[in-house]
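Since the structure comes first, as structure tokens, the remarks are kept for the end.
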Protein chains: 2
Amino acid sequence: MPFTPKELAAISTPAVLIDLDIANRNVERFQRYADAHELNVRPHIKTHKLPEVAQMQLSAGAIGITCQKVSEAEAMVSGNSKIDDVLITYNIVGEDKLESLRELAKRITLSVVADSKTVVDGLSQTFNKEPQPLTVLVESDTGAQRCGVLSPDAAQDLATYIDAAPGLLFGGLMTYPPAGQEASVEAFMKEAKTRIEARGIPVPVVTSGGTPSMMHAAEAVVTTEYRPGTYVYNDRSLVARGACEWDDCALNVLATVVSVPTPNRAIIDAGSKALTSDLLGLTGYGHVVGRDDITIDQLSEEHGRLISAEPIGLVVGDRIRIVPNHACVVTNLVDTVIVKGHGRAVPETLPVTARGKII
Amino acid sequence: MPFTPKELAAISTPAVLIDLDIANRNVERFQRYADAHELNVRPHIKTHKLPEVAQMQLSAGAIGITCQKVSEAEAMVSGNSKIDDVLITYNIVGEDKLESLRELAKRITLSVVADSKTVVDGLSQTFNKEPQPLTVLVESDTGAQRCGVLSPDAAQDLATYIDAAPGLLFGGLMTYPPAGQEASVEAFMKEAKTRIEARGIPVPVVTSGGTPSMMHAAEAVVTTEYRPGTYVYNDRSLVARGACEWDDCALNVLATVVSVPTPNRAIIDAGSKALTSDLLGLTGYGHVVGRDDITIDQLSEEHGRLISAEPIGLVVGDRIRIVPNHACVVTNLVDTVIVKGHGRAVPETLPVTARGKII
């Protein structure tokens, strides 16, 4: 049930709208694929930051969620949340965060990653007196050149180190793979797994992620678990990559035209504080729904500039809907989103529970 | 009094630090210039979003503040705030916002801008039964190609329209000028003022803004008021433009090294959710204090990648301070900032009162 014109007219702009029917369809589509290929799904919540949407993903069949920061995990399991299984795909460094992790592990099934002995040492010192060990996966750099051990040999070394560390349980291998390098990613993970198992250490989980190649996730047979994030909402970058259609985009930014200075230019009340400066390789800062001719060619913090080679045909007060380049960063900007669908017959305002949780 | 190493070590990262001694020095420097040239100062609060820092600017001699959105103004005058004079440099469109404006005008000295008769009509319909008229300035596009009337003639037309509109008082001319086009900006504003005055309508205020050229603001003798924003904190973009030195940068992002995968690469726990993707024409996403050799060459949401042609010489757990490319968008990401100096002997955590106020 899409937002009606009357409902849209009653919303103060700029606002972030979520069509939960579309979101649920996106979630179910990937879950069906994963189920058919016996792949576990552990969605990354960075895209929505909402316990309500995580619950939708769990209801569809996800085995747990992925968070990037400890404070994000804390927010997602707070209140009435039923979320009880979280993987934090981040090196946890610092006494403050390790203590938060220790508390969190008492309440839920928790696992984290590490890519160095320094990180493992911190985890071990924190958990070596706890009744339950902490599960730690080895993060592998399969080409993205961010975090991660650089070779299967290094993965085996660190797995052995975790296996021997007091208070820790080796949980498997994790990677955030570069898009388009599937064969070398699979080769890395396979070899790492084989080497670790050769040491007599089981590798129960091999977890990978990324929305663009998710419908090919099962082709890497070594992968046991997948962590898509953006797939729940989709965005302009994913349409550009051919991963979805405009109709699959669940998140829109609703904006109002505040100025039409020339026949080919209009200014809206959504700038980089609503759409962000993320270009992700694209030209322009978003797609105006129904208006392929328009480019959002410039953002300042509170203004977005729309230009068209054709007469722009907008007047002050008109409202437009924008599919942003990158959905995840948009939800991080707003205190609330307005949701409809999937059992919600009228628009509801939800606080973005895990917004701004960078610690 | 800068943050001490011990104080920094106690802060959970990533965090936004504000040195209020530096901020106050920046504020006083421009105020001295403005006072010497009989120019009123009305700082744009988008950079700090903090009533405490606005108060510092007012104490130094500012006549009021500038906000971009109604909700931002509401936040800045809420609670114990003594701020009582606000210019909102935005076309206010929509019944919800007009009603908020009407309420706000009861509590403070309020002025807004308009660049079309449609916007003026909305303001007039809202204020024509109020006991006090609303002051409205004409926004002029002097080359930035965002909002604003396009010619002095159009400015005169709209000024005449405002002057005749029930409930409104024509307040003068406003522009957000493009950098480096000072002569044509001044010519536009002078001609517009002359034409309006020729109609017998006084032009009490001609307000301009922008930190990069603020130390030349008085050279345009038509200007009565200036609205610098970023000058209070400064940032990497202003150092690059030669507007300030690194020591004038009051805002730092404190981050922790979480991975050092290769001798020339380190990963920190501050990504685009702390530094933003704003490049402002620069290469890299910030300046690592004391390390000119390092480039922050890639951000994902929670990771920043540091590379250097030299050995990077960092270990997991090290902390670094970053001057971001664009200070204003950084303060919009965090719920709190940590301030020290200007009467605060120890670090204090302040909520960013007007963060995320996009309505």
For the range B:319-347, what are the residues that are open to solvent by less than 10 Å² (accessible area, probe 1.4 Å), more than 14 Å from every other protein chain (Cβ to nearest Cβ) and within 28 Å of A:THR331 (Cα to Cα)?
B:VAL323, B:VAL339
Taking the criterion of being under 23 Å from the mean Cα position of the chain (by Cα), in the same structural domain as B:VAL323 (by TED's automatic domain parsing) and on the phi > 0 side of the Ramachandran plot, would at least one residue in the range B:252-275 satisfy it?
no
Residue in the range B:34-41 that is within 14 Å of chain A (Cβ to nearest Cβ), in contact with a strand residue (DSSP E or B) (Cβ under 9 Å, 6 or more places away or on another chain), assigned to a loop (DSSP other than H, G, I, E, B) and closer than 20 Å to B:PRO228 by Cβ present
no
Result of the Cβ filter at 7 Å on the range B:348-359, keeping first residues that are at the interface with chain A (Cβ under 9 Å from one of its Cβ atoms) and partners that are open to solvent by 60 Å² or more (accessible area, probe 1.4 Å), at least 6 apart or interchain, is B:ARG355/B:ASP335; B:GLY356/A:ASP335
Can you name every residue in the range A:251-287 that is assigned to a loop (DSSP other than H, G, I, E, B) and either open to solvent by 30 Å² or more (accessible area, probe 1.4 Å) or in contact with a helix residue (DSSP H, G or I) (Cβ under 8 Å, 6 or more places away or on another chain) (or both)?
A:PRO263, A:ASN264, A:THR276, A:SER277, A:ASP278, A:LEU279, A:LEU280, A:GLY281, A:LEU282, A:THR283, A:TYR285
In the range A:97-122, anything touching a residue at least 40 places away in the same chain (Cβ under 8 Å) and more than 25 Å from A:GLN55 (Cβ to Cβ) is listed as A:LYS97, A:ALA114, A:ASP115, A:SER116, A:LYS117, A:VAL120, A:ASP121
Can you find a residue in the range B:222-234 that is small (Gly, Ala, Ser), crowded, with 23+ Cβ neighbours inside 10 Å and either modelled with pLDDT of 95 or more or in a helix (DSSP H, G or I) (or both)?
no
Per the filter on the range A:81-107, residues more than 11 Å from chain B (Cβ to nearest Cβ), touching a strand residue (DSSP E or B) at 6+ places or on another chain (Cβ under 7 Å), part of a loop (DSSP other than H, G, I, E, B) and open to solvent by 20 Å² or more (accessible area, probe 1.4 Å) are A:ASP84
Filtered residues of the range B:248-287 (kept if within 9 Å of chain A (Cβ to nearest Cβ), of a type outside the set (A, V, I, L, M, F, W, C) and closer than 26 Å to B:MET1 by Cβ)
B:THR256
Quick one: in the range B:288-318, which of the residues that are surrounded by fewer than 17 Cβ atoms within 10 Å (Cβ to Cβ) and charged (D, E, K, R) is farthest from the other protein chains (Cβ to nearest Cβ)?
B:ASP292
Filter the range B:42-64 for residues that are touching a Lys or Arg at 6+ places or on another chain (Cβ under 8 Å) and assigned to a loop (DSSP other than H, G, I, E, B) and give the result.
B:ARG42, B:PRO43, B:LYS49, B:ALA62, B:ILE63, B:GLY64
Answer yes or no: is there a residue in the range B:65-80 that is open to solvent by 10 Å² or more (accessible area, probe 1.4 Å), in contact with an Asp or Glu (Cβ under 6 Å, 6 or more places away or on another chain) and either part of a helix (DSSP H, G or I) or modelled with pLDDT under 95 (or both).
no
Test A:THR223 against the stated conditions and say whether it is within 14 Å of another protein chain (Cβ to nearest Cβ), among the hydroxyl-bearing types (Ser, Thr, Tyr) and in contact (Cβ under 8 Å) with a residue 40 or more places away in the chain.
no
Kindly state which helices (runs of 4 or more DSSP H) lie completely within the range A:109-213 and contain at least 1 residues that are touching a strand residue (DSSP E or B) at 6+ places or on another chain (Cβ under 7 Å), within 24 Å of B:ASP297 (Cα to Cα) and open to solvent by 10 Å² or more (accessible area, probe 1.4 Å).
A:182-198
Close pairs (6 angstrom Cβ cut-off, 6 or more residues apart or separate chains): within 14 Å of chain A (Cβ to nearest Cβ) in the range B:1-25, surrounded by fewer than 22 Cβ atoms within 10 Å (Cβ to Cβ) and in a helix (DSSP H, G or I) anywhere
B:SER12/A:ASP96
By residue number, the members of the range A:253-285 that are closer than 24 Å to B:ALA154 by Cβ and either touching a Pro at 6+ places or on another chain (Cβ under 8 Å) or of a type in the set (Val, Ile, Thr) (or both) are A:THR256, A:VAL257, A:VAL258, A:VAL260, A:THR262, A:PRO263, A:ASN264, A:ILE267, A:ILE268, A:ASP269
Using beta carbons and a limit of 6 Å, which pairs, at least six apart or on different chains, have the first residue in the range B:251-280 and without any contact (Cβ under 8 Å) to a residue 40 or more places away in the chain and the second one among the small types (Gly, Ala, Ser)?
B:ILE267/B:SER259; B:GLY271/B:SER300; B:GLY271/B:GLY304; B:SER277/A:SER277
Pick from the range B:108-126, criterion among the aliphatic types (A, V, I, L, M) and under 21 Å from the mean Cα position of the chain (by Cα), ranking: farthest from the other protein chains (Cβ to nearest Cβ)
B:ILE108
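The values are calculated or read from the model by the stated rules, or taken from the named source; none is laboratory data. Bear in mind that the values here come from a model prediction, so they are computed numbers and not experimental data. Here the Cβ is made from the backbone with ideal geometry for all residues, glycine too, and neighbour counts use every protein chain on show. Heads up: the accessible areas ignore ligands, DNA and RNA and are worked out on the full protein's heavy atoms, side chains in. Shrake-Rupley method; radii C 1.70, N 1.55, O 1.52, S 1.80 Å.
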